[in-house]
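K.L.:
Take this structure first; my questions come after.
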Amino acid sequence: APAAAAPPLKVPARIYIVRGIAKGGRAGSPSGRAIVPLVAPPPPPDALSTSFNETAVAIAWLPPVAEATSILPLKFNVYGAPGESAPVADAQAAVAPTPLNPAPLDAAAYEHAGAASGVEQCFVVRTVETVGGATVEGEPSRRACVTPKDIFPPAAPKNLSAVAGPGAINLIWDANTEADLAGYVILRGLAPGDTLQPLNAEPTRDTRFRDTTVSPGARYVYAIVAVDRAGNRSAASPRVEEAAR
């Protein structure tokens, strides 16, 4: 047989209902009951930390110790908060009224989608516990802020190929798909082991390049590097070799 559910913990509480009153004084049907336990709210989490990746901000914290009155494990809500320039008291008062997470969290961590480079994001966390069948939310934790930066390079270009023509070597490669792509730098060296040097001073948006500075009979090595608008450079594409005519 399935285990019986634990009975509600008996704690002091107040029960509220609401009735609407018509203009003539007639009372409507009562609302559902709202049970408010008369207990201290749970303590806030501690040691909030933040980090970021290319698409999201991660928030982590240390849970408080559950009180003896808590039937279920503690859960958590994460809220947006004003930036670090706001005084602490003002920041706590201006915490967003709705949590970022759609339902209270079991884990002491949350990933918030959206990591706009250079835009400060701040967060607080509230502890949520169940007491006497009702949900009680504690005061906000200390604020934790992070300003994501674009430190993530584009992917290395793919499928570079080289074809020699009269007085030139023609290069072509697949386009990168990054939204913040600035362009490509073409690298060239003499085969087999010369150090590759850039042929273009500024990134080109084109995925074709015609190298007309070759010497007939010489064999060249090429690679392509992608660059984004923040200046992050990808790893070099696989190298290709071609002899000039």
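The values are calculated or read from the model by the stated rules, or taken from the named source; none is laboratory data. Nothing here was measured: the structure is a model prediction, and the numbers come from that model. Cβ placement follows ideal geometry from the backbone for every residue including glycine, while neighbour counts extend to all protein chains displayed.
K.L.:
Any idea how many residues of region 173-191 are in a loop (DSSP other than H, G, I, E, B), within 30 Å of GLY217 (Cα to Cα) and either among the polar types (S, T, N, Q) or in contact with a Leu (Cβ under 8 Å, 6 or more places away or on another chain) (or both)?
P.N.:
Here the count works out to 1.
K.L.:
Please go through region 110-140 and give me each residue that is more than 18 Å from ILE151 (Cβ to Cβ) and of a type in the set (S, T, N, Q), ordered by number.
P.N.:
Selection gives THR127, THR130, THR135.
K.L.:
State the number of residues belonging to region 147-172 that are among the hydrophobic types (A, V, I, L, M, F, W, C) and either within 26 Å of PRO216 (Cα to Cα) or assigned to a strand (DSSP E or B) (or both).
P.N.:
Initially, region 147-172 is screened for residues among the hydrophobic types (A, V, I, L, M, F, W, C), giving 151-152, 155-156, 160, 162-164, 168-169, 171-172.
Remaining after also requiring either within 26 Å of PRO216 (Cα to Cα) or assigned to a strand (DSSP E or B) (or both): 160, 162-164, 168-169, 171-172.
Qualifying residue count for the region: 8.
K.L.:
Also, quick follow-up: For region 29-48, how many residues meet the condition of being in contact with a strand residue (DSSP E or B) (Cβ under 7 Å, 6 or more places away or on another chain) and part of a loop (DSSP other than H, G, I, E, B)?
P.N.:
Residues flagged as in contact with a strand residue (DSSP E or B) (Cβ under 7 Å, 6 or more places away or on another chain) and part of a loop (DSSP other than H, G, I, E, B) within region 29-48 amount to 8.
K.L.:
Right, something else. Here are some residues: THR195, THR213, THR177, THR135. Which one is under 30 Å from TYR79 (Cα atoms), out of contact with any helix residue (DSSP H, G or I) (no Cβ under 7 Å at 6 or more places or on another chain) and loosely packed, with under 15 Cβ neighbours inside 10 Å?
P.N.:
Numbers: THR195 fails: under 30 Å from TYR79 (Cα atoms); THR213 fails: under 30 Å from TYR79 (Cα atoms); THR177 fails: under 30 Å from TYR79 (Cα atoms).
Unique residue meeting the criteria: THR135.
For every residue, the table says whether it meets (1) under 41 Å from the mean Cα position of the chain (by Cα); (2) outside the structural domain of SER117 (by TED's automatic domain parsing); (3) of a type in the set (D, E, K, R).
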position: ALA168; (1), (2), (3): no, yes, no
position: ALA191; (1), (2), (3): no, yes, no
position: LEU199; (1), (2), (3): yes, yes, no
position: THR204; (1), (2), (3): yes, yes, no
position: ILE224; (1), (2), (3): yes, yes, no
position: ARG229; (1), (2), (3): yes, yes, yes
position: ALA235; (1), (2), (3): yes, yes, no
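K.L.:
Which of the residues spanning region 214-238 are touching a residue at least 40 places away in the same chain (Cβ under 8 Å), over 14 Å from ILE172 (Cα atoms) and not small (Gly, Ala, Ser)?
P.N.:
Listed by number, the residues that qualify are VAL214, PRO216, TYR220, VAL227, ASP228, ARG229, ASN232, ARG233.
K.L.:
How many residues does region 149-194 hold that are farther than 17 Å from ASP206 by Cβ and among the hydrophobic types (A, V, I, L, M, F, W, C)?
P.N.:
8
K.L.:
Moving on to the next point. Which of the residues belonging to region 192-208 are over 17 Å from ARG233 (Cβ atoms) and either in a strand (DSSP E or B) or modelled with pLDDT under 95 (or both)?
P.N.:
Of everything in region 192-208, those that are over 17 Å from ARG233 (Cβ atoms) and either in a strand (DSSP E or B) or modelled with pLDDT under 95 (or both) turn out to be PRO192, GLY193, ASP194, ARG208.
K.L.:
On to the next question. Would you kindly identify the strands (runs of 3 or more DSSP E) lying entirely within region 49-146 that contain at least 2 residues that are at pLDDT 90 or above, touching a Pro at 6+ places or on another chain (Cβ under 7 Å) and outside the structural domain of ALA179 (by TED's automatic domain parsing)?
P.N.:
On the way: elements: 56-62, 75-81, 109-113, 121-131, 134-137, 144-146.
Ranges flagged: 56-62, 75-81, 121-131.
K.L.:
With the condition kept exactly as written, say whether any residue in region 138-157 is surrounded by 17 or more Cβ atoms within 10 Å (Cβ to Cβ), closer than 28 Å to GLN121 by Cβ and more than 25 Å from the chain's Cα centre (by Cα).
P.N.:
Looking for residues that are surrounded by 17 or more Cβ atoms within 10 Å (Cβ to Cβ), closer than 28 Å to GLN121 by Cβ and more than 25 Å from the chain's Cα centre (by Cα), one finds at least one in region 138-157, hence yes.
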